[in-house]
Amino acid sequence: MAQLLITGGAGFIGSHTCLVLLEAGHQLLVLDDFSNSSAVALERVAELAGTRLQRAQPTLEAAPDALTLVEGDIRDAQCLEALFASAKAFGLPIQAVIHFAGLKAVGESVQQPLRYWDVNLVGSQRLLRAMDQHNCRTMVFSSSATLYGYPSPEQVPIPETAPIKPINPYGASKHAVEALLADLARCSGAAEAIQASGGGWRIARLRYFNPVGAHPSGRIGEDPNGIPNNLFPFITQVAIGRRPELTVFGDDWPTPDGTGVRDYIHVMDLAEGHREALHSLLRADPQMLTLNLGSGQGASVLDVVKAMEAASQRAIPYRIAPRRPGDAAISVANPSLAAQQLQWQTQRSLTDICRDGWAWQQANPNGYGDGCR
Ligand code: NAD
Ligand code: UFG
């Protein structure tokens, strides 16, 4: 059992990962500002894990439980200091951080670059500083396949060695955090730095491809704010009747059916990938892992439409529109390094993704509900 800090743990990927980590016997402190999530997600995680959700201030008035939720911002240095110090005072020092908290909407990042750099980079840097000050030097970081920009066809499936060419402020901010983490890993490779700081860093930079789907219970899932930007939640909302039709962005891409191809990864596979990355770091010497988390399988927009029609037994009307600016034709992972280093690979298919995503959408037509945020 390890005492973990999960930033952004109320969000889509964070909530599913919290469940997997609770089931693995870890004790979790979640820090979230609810800017894009609801505490209801964590109440449901607690229910699925057979525990209760304890709410606390950053000063932790009582010893943390299996799942403790603290409302706060990763940019708030005082909040971070209080959290690390209080956990230590209760004899449960934070041993590792899984860092999900951040902003992730590509289009919004183009409109609001300062906000994106502030939350994603400044927030990460404050968190890393608090960790360093408290001798907590193990981090699993949410990076993204967006770093690969527009992969050229000969690079697909994309290995971790492919050129890094972020094409928007969101991707640039993820790239900057990756660079900061690489500097920390390098500095902890030097003997004098290890002596000065009291130990080296254990870091995993996980580059997710397209996380979708939901826990098979239908109790937790993705709950985007407003009109979804991403294909999968848009399709489930068309299937349930919340939106009249899907707009397919381009049928003239150089792909088998002309629509964009992506590597969709079931969020439970992704959550299990985090568990394996964490366990790998905790049992090894200081190191840095940089891994693609994807299935290695490509699916086109029309493949996803068909799979969701089969899962929901409903027609999904769509119309073809021009290409969306900034899109790539194909993005598919080469996931062999993660298989080799973590003994992890995806277990769930596109059919499973659509079945579970549809179960979530049907049981929760309005997500976690109005007024929950
Ligand atoms: P999400 O928005 O559902 O979760 C992010 C969580 O962080 C939310 O609960 C939000 O309230 C919280 N948060 C945001 N700013 C915060 C702050 N300043 N302080 C504290 N909490 C804050 O997103 P997600 O899909 O679960 O993504 C998790 C991480 O994975 C993000 O860093 C994202 O960039 C990365 N990622 C996501 C995808 C994807 O397609 N979903 C792909 C690649 C990488
Ligand atoms: N698409 C449509 N109609 C829609 C939405 C999307 O046809 O309404 C198409 C896109 O053109 C693309 C495919 O569906 O071909 C997937 O698009 P998404 O928006 O779901 O996903 P992206 O691959 O564009 O990007 C997502 C996240 C990024 C992240 C990337 C890799 O939005 O932040 O996956 O993880 F970096």
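The values are calculated or read from the model by the stated rules, or taken from the named source; none is laboratory data. Note that the structure is a prediction, hence the values are computed from the model and not measured. Cβ coordinates were reconstructed from backbone atoms using ideal geometry, including for glycine residues, and neighbour counts include every protein chain displayed. Heavy atoms of the whole protein, side chains included, go into the accessibility calculation; ligands, DNA and RNA do not. Shrake-Rupley method; radii C 1.70, N 1.55, O 1.52, S 1.80 Å.
Less than 5 angstrom separates the built amide H of Y318 from those of L246, all sequence-distant by 5 or more or on a different chain. With a Förster radius of 51 Å applied to the C-beta separation of I167 and A63, the computed FRET efficiency comes to 0.65.
A convex hull fitted around the alpha carbon atoms of the chain yields 128 Å³ per residue. The residues of the chain have, on average, 41 Å² of accessible surface per residue, using a 1.4 Å probe with all protein chains present. Within the shell defined by Cβ-Cβ distances under 12 Å, the residues around Q95 carry a net charge of +3, with Lys and Arg each +1 and Asp and Glu each -1. When the chain is treated as a Gaussian network with alpha carbon springs shorter than 10 Å, the biggest mean-square fluctuation among A130, A89, A182 belongs to A89. Which is the longest stretch in the chain that no exposed loop site breaks, taking sites as GluC sites (Glu not before Pro) with a DSSP loop state and at most 12 other Cβ atoms within 10 Å? Excluding the exposed sites themselves, the longest stretch runs over 62-244.
Compared with the dominant principal axis of the Cα atoms in the chain, helix 169-189 is inclined by about 40°.
Note on S349 and E81: their simple-model spin labels are 5.5 nm apart, each label 7 Å out from Cα toward Cβ. Between Q125 and H279, the simple label model (points 7 Å from Cα in the Cβ direction) yields a spacing of 3.6 nm. Ignoring ligands, DNA and RNA, please state the percent of accessible area on the stretch 3-370 from carbon and sulfur, probe 1.4 Å. With neighbouring chains kept in place, the figure for the stretch 3-370 is 50 percent. Compute the FRET efficiency between R324 and E71 as 1/(1 + (r/R0)^6), taking r as their Cβ-Cβ distance and R0 = 30 Å, and round to the nearest 0.05. After rounding to 0.05, the efficiency reads 0.30.
Net charge near R323: determine it from the other residues with C-beta under 11 Å of the C-beta of R323, scoring Lys and Arg +1 and Asp and Glu -1. Once all neighbours under 11 Å are counted, the net charge is -2. If Lys and Arg each add +1 and Asp and Glu each add -1, what is the summed charge of the other residues whose beta carbon sits under 11 Å from the beta carbon of R205? Taking every Cβ under 11 Å from that of R205, the sum is 0.
Here the simple spin-label model places points 7 Å from the Cα toward Cβ, and for E309 and A176 these points are separated by 4.5 nm.
The angle separating the long axis of helix 39-49 from the principal Cα axis of greatest extent in the chain is about 80 degrees.
Between the Cα long axis of helix 267-283 and the first principal axis of the chain there is an angle of about 30°, rounded to the nearest 10. Report summary: the helix-based calculation at 222 nm, which adds -39500 (n - 2.57) for every DSSP H run with n ≥ 4 and divides by the residues of the chain, gives -12000 deg cm²/dmol. Straightening the chain between D132 and Y150 buys 3.0 nm, computed as 0.36 nm per residue apart minus the Cα-Cα spacing. Within the same chain, lysines fewer than 8 places from K165 are excluded, and of the rest, those with a Cα less than 23 Å from its Cα are K104, K174.
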